[in-house]
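Just below is one structure, and these are the notes that go with it.
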Amino acid sequence: MSSKSRLSFAKRAEQHRNPLARHLFALAEKKQSNVVLSADLTTTNDLLDLADRLGPYIVVLKTHIDILSDFNDDTIAGLTELSKKHDFLIFEDRKFVDIGNTVQKQYKGGVLRIHDWAHIVNLSVLAGPGIVHALEETIKNGDISERGLLILAEMTSKGSLATGSYTKASIDIARMYPETVMGWVATRELSQFVDSKTDDEDFVVFTTGVNISSQGDTFGQQYQTPTTAMAGGSDFLIAGRGIYAAADPVAAVQEYRKAGWDAYKARIE
């Protein structure tokens with residue numbers, strides 16, 4: 001595990017080069033939470049209702065905005081308002097994967113206008129480093145502050161091809177864009193893929209597939225618990241159905257928040 005993983009979020013907030021990562025670490029310390037809620041709901045009303053009820057306990061709301069059956073301007077306005085009300089960031093799980101020119105249009109324009117409202121987006125480097133360069137250019141030329149990228153370095157689905165040389169390439173490309181790439185989505189901390197390390201490198205690890213009570217689903221999803229994910233070097237825990245599909249989602253998110261924070265404290269202590 002890298003030395004950065006054993007530092008407190010407060011210390012990493014002081015040292016990090018990326019302004020959005022600094023904000024995220026400080027937010028986690030303030031709310032004593034490292035929960036990212038994967039809100040895979042299909043109507044605007046359900047999405048906003050869940051975000052309003054669970055917003056006080058999370059640091060990031062992760063959306064799949066293109067699965068909404070009724071996406072409209074009210075969706076964006078509602079998400080933005082709730083993000084400010086409950087002090088959480090918005091992560092659109094878009095998984096960009098195309099040539100740079102196309103990705104710029106997908107990110108900045110179109111009906112979704114993702115750049116306008118999502119603090120964080122993710123991408124695959126299958127198309128090469130040009131995709132990161134294009135998104136970074138859009139961010140730096142934009143008039144909106146605090147935007148960041150996550151590279152999809154690994155996936156939790158059984159048989160995933162995001163392994164080995166692909167994961168290594170993801171890390172190498174991330175290191176080329178430290179001002180914009182906050183880190184990666186991975187099943188664990190990935191320092192073993194870094195040939196050489198510098199003192200100022202600190203990539204944030206988001207781990208998806210976190211579930212306290214289930215080990216997987218019928219479509220090949222494989223879960224980790226908050227404790228195992230944090231022990232493996234994760235920083236932020238992405239949990240979806242284990243929370244929003246629970247009989248009491250508010251009680252569930254509080255359970256995940258406590259488990260994740262306890263595991264984080266155990267790691268740094």
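The values are calculated or read from the model by the stated rules, or taken from the named source; none is laboratory data. Since we're looking at a predicted model, the values are computed, not measured. A quick note on method: Cβ atoms are made from the backbone with ideal geometry, for glycine too, and the neighbour counts reach across all protein chains shown. With ligands, DNA and RNA removed, areas are computed over all heavy atoms of the protein, side chains included. Shrake-Rupley method; radii C 1.70, N 1.55, O 1.52, S 1.80 Å.
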- Query: For the range 227-249, how many residues are open to solvent by less than 50 Å² (accessible area, probe 1.4 Å) and either in contact (Cβ under 8 Å) with a residue 24 or more places away in the chain or within 13 Å of Arg267 (Cβ to Cβ) (or both)?
  - Reply: 14
- Item | the range 250-269, subset over 14 Å from Val35 (Cβ atoms) and either part of a helix (DSSP H, G or I) or among the hydrophobic types (A, V, I, L, M, F, W, C) (or both), residue least open to solvent (accessible area, probe 1.4 Å) | Arg267
- Could you check how many residues of the range 229-241 are part of a helix (DSSP H, G or I) and either under 10 Å from Thr187 (Cα atoms) or of a type in the set (A, V, I, L, M, F, W, C) (or both)? 3
- Note on the structure: Checked pairs for the range 71-100, first under 15 Å from Thr44 (Cα atoms) and free of Cβ contacts under 8 Å to residues at least 24 places away in the same chain, second open to solvent by 20 Å² or more (accessible area, probe 1.4 Å) and among the aliphatic types (A, V, I, L, M), C-beta under 9 Å and 6 or more apart or across chains, list as Glu81/Leu48
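In the set Leu190, Leu135, which member is over 29 Å from Ala245 (Cα atoms), buried (at least 21 other Cβ atoms within 10 Å of the Cβ), modelled with pLDDT under 80 and not hydroxyl-bearing (Ser, Thr, Tyr)?
Values: Leu135 fails: modelled with pLDDT under 80.
On inspection, the qualifying residue turns out to be Leu190.
Based on what the data block shows, is Leu89 of a type outside the set (Phe, Trp, Tyr), under 23 Å from Gln254 (Cβ atoms) and surrounded by 23 or more Cβ atoms within 10 Å (Cβ to Cβ)?
Details: of a type outside the set (Phe, Trp, Tyr): yes; under 23 Å from Gln254 (Cβ atoms): yes; surrounded by 23 or more Cβ atoms within 10 Å (Cβ to Cβ): no.
Spelling it out, it is not the case that Leu89 is of a type outside the set (Phe, Trp, Tyr), under 23 Å from Gln254 (Cβ atoms) and surrounded by 23 or more Cβ atoms within 10 Å (Cβ to Cβ).
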- Note on the structure: When the range 50-73 is checked residue by residue, the ones that are over 12 Å from Trp117 (Cβ atoms), assigned to a helix (DSSP H, G or I) and open to solvent by 10 Å² or more (accessible area, probe 1.4 Å) are Asp52, Arg53, Pro56, Tyr57, Asp66, Ile67
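If the requirement is being within 20 Å of Pro178 (Cβ to Cβ), modelled with pLDDT of 95 or more and part of a helix (DSSP H, G or I), which of these qualifies: Phe25, Phe91? Show your work before the answer.
Values: Phe91 fails: part of a helix (DSSP H, G or I).
Of the residues listed, the single one that is within 20 Å of Pro178 (Cβ to Cβ), modelled with pLDDT of 95 or more and part of a helix (DSSP H, G or I) is Phe25.
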- Would the range 149-171 turn up any residue that is open to solvent by less than 60 Å² (accessible area, probe 1.4 Å), of a type in the set (Asp, Glu), part of a loop (DSSP other than H, G, I, E, B) and at pLDDT below 95? yes
